Amino acid sequence: MTETATLDRIAALTKRRGFVFPSSEIYGGLQATYDYGPLGVELKRLIKDDWWRAVVRDREDVVGLDASILMAARVWEVSGHVEGFNDPLVDCKKCKARFRADKLDQAVCPKKPSKKPGECGGELTEPRQFNAMFRTKVGAVEDDASTIYLRPETAQGIYVNFKSVMESTRVKIPFGIGQIGKAFRNEIVTGGHLFRMREFEQMELEFFCEPGTDDEWWKYWKNERLEWWKSLGVRASHLRIREQDDDERAHYAKACGDIEYLYPWGWDEVEGVANRTDYDLKAHQEGSGRGLAYRDEAKKEWVVPYVIEPSAGVDRCFLTLLCDAYEEEVKPNGETRTVLHLHPRLAPTQVGVFPLVRKDGMPEKAREIFERLRTIYRCFYDQGGTVGRRYSRQDEAGTPFAVTIDSQTLEDGTVTVRDRDTMAQDRVAPEALAAFLDERIRAWTPRASEA
Ligand code: ATP
């Protein structure tokens, strides 16, 4: 088995099998926007559900929120986004770093060992006045006062609701607020399929803690989040944490640890875990005139908490799972099969149910088994074409198990279960089928990596 994953081939598979389609494709498409097809929407939901379970529902110290995308324009003025993104910028087409055109001589290329912008071999774009936020108008009056923005991050929706959450629940510092939602950035450098989009979804946690305990919580969340990535079945050999250098960090961050994945093009960020200090809450406290502190009863004083922010992209997670799962495997007979080794817990379809042939009562028996299994697993029934073709379609869809009904099933009720990863087949009695599948799902581990 070789590491043959390339982005173009993965993108082709996502289209072929109905995971991801380029947006507005019949009109020539819209750059850096994508639509999720029948299998994709299922996988995306499973990713979000898993994050929500791990970060919000399973924890007593985190609550959830769903803030609106449109917010008062003042939020973005106070947070620094209106001003902070308004500089003339140039982008490096290779390392994707963005530099202030008026400060190029002081800028540092993040790609080591190069130092100056462009030294990594990338071409620099022409400078342009650029604000990465999308603007729109609200209401009937087309004047400046009605300009609002599509949020470029979900975090600000959490900060402005900090007080309301504290007052309406019994949470006490340290605690977190988690949120999943769309964010929009008018990226100048796009590409990498789902890696850099203009409309994407974020899964963000803002964890509020006492100043002075922030370093500890930052370490805690980096570790916690890395473990979550592994729990999705992503190979540990392809994950790492990289601390951002001082010159890479956002202005508000005291420290930032990027969780990185080894993509076909190299290591790149999948999630950032930042220590945002008390920067945002203090800014909103000043900007709104409302107190955003909590009462420290021991110290008898009001304190603005520090914030640790693990921020992951749903779409980037989706792409990461596909890159990690994708394999073009050369079979012993020399043929190549394309297979997605998705974790069985996250596979859009978990069990394919196939009658071997369309006669002798096999379809009827298969439908009976399908109806039973689909109350437990995400199932797909298919009776068209040769069973070999049906297997290979499901290999590409990442379906971990294929249950086939053949002539022996009609005699003794047993079915064959084909394993996607090993292609091995087991004969299983009908009453043992669910326990057999459950055990396989529980015991599943990622394939050994060669890279
Ligand atoms: P990058 O350096 O890759 O542009 P960033 O540091 O700007 O990312 P953050 O602002 O930290 O990203 O956003 C948190 C997460 O949101 C990222 O780790 C990524 O998973 C996701 N994300 C950010 N921008 C995009 C985008 N344009 N398309 C898809 N996902 C994105």
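The values are calculated or read from the model by the stated rules, or taken from the named source; none is laboratory data. Everything quoted here is computed from the prediction, not taken from an experiment. Positions of Cβ are backbone-derived with ideal geometry, glycine not excepted, and every protein chain shown enters the neighbour counts.
Summary of values
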| item | result |
| --- | --- |
| Those residues of segment 314-337 which are outside any helix (DSSP H, G or I) and under 13 Å from PHE19 (Cβ atoms), in sequence order | TYR326 |
| Conditions (1) surrounded by fewer than 17 Cβ atoms within 10 Å (Cβ to Cβ); (2) farther than 23 Å from LYS96 by Cβ; number of the one not met by ASP246 | (2) |
| Some residue of segment 267-278 being assigned to a strand (DSSP E or B), out of contact with any strand residue (DSSP E or B) (no Cβ under 8 Å at 6 or more places or on another chain) and either away from the ligand (no atom under 11 Å from the Cβ) or under 25 Å from GLY212 (Cβ atoms) (or both) | no |
| Test: residue in segment 141-152 that is closer than 28 Å to PHE207 by Cα and of a type in the set (S, T, N, Q) | no |
| Condition met for GLY178 (of a type in the set (Gly, Ala, Ser), crowded, with 21+ Cβ neighbours inside 10 Å and away from the ligand (no atom under 13 Å from the Cβ)) | yes |
| Strands (runs of 3 or more DSSP E) fully within segment 374-437 counting 2 or more residues that are touching a residue at least 24 places away in the same chain (Cβ under 8 Å) and in contact with a Ser or Thr (Cβ under 6 Å, 6 or more places away or on another chain) | none |
| Some residue of segment 210-220 being within 16 Å of the ligand (Cβ to nearest atom), crowded, with 16+ Cβ neighbours inside 10 Å and modelled with pLDDT of 95 or more | yes |
| Leading residue by the ranking (surrounded by the fewest Cβ atoms within 10 Å (Cβ to Cβ)) among those in segment 293-321 that are within 14 Å of the ligand (Cβ to nearest atom) and of a type in the set (A, V, I, L, M) | VAL314 |
| Scan of segment 415-451 for residues that are aromatic (Phe, Trp, Tyr) and more than 18 Å from PHE370 (Cβ to Cβ), ordered by number | TRP444 |
| Residue within segment 415-427 that is surrounded by fewer than 20 Cβ atoms within 10 Å (Cβ to Cβ) and within 25 Å of the chain's Cα centre (by Cα) present | yes |
| Scope segment 121-147; condition more than 27 Å from the chain's Cα centre (by Cα) and among the β-branched types (Val, Ile, Thr); matching residues | THR125, VAL138, VAL141, THR147 |
| Qualifying positions in segment 428-450 - surrounded by 10 or more Cβ atoms within 10 Å (Cβ to Cβ) and over 14 Å from HIS341 (Cα atoms) | VAL428, ALA429, PRO430, ALA432, LEU433, ALA434, ALA435, PHE436, LEU437, ASP438, GLU439 |
| Unmet criterion (only one of (1) within 29 Å of MET203 (Cα to Cα); (2) over 24 Å from the mean Cα position of the chain (by Cα)) for GLY157 | (2) |
| Search result, residues across segment 174-196 that are among the aliphatic types (A, V, I, L, M) and out of contact with any Asp or Glu (no Cβ under 6 Å at 6 or more places or on another chain) | ILE180 |
| Unmet requirement for SER168, which otherwise passes all of (1) within 16 Å of the ligand (Cβ to nearest atom); (2) of a type in the set (Gly, Ala, Ser); (3) surrounded by fewer than 20 Cβ atoms within 10 Å (Cβ to Cβ) | (1) |
| Residue list for segment 241-266, restricted to those being more than 12 Å from the ligand (Cβ to nearest atom) and more than 15 Å from ASN223 (Cβ to Cβ) | ASP245, ASP246, ASP247, HIS251, LYS254, LEU262, PRO264, TRP265, GLY266 |
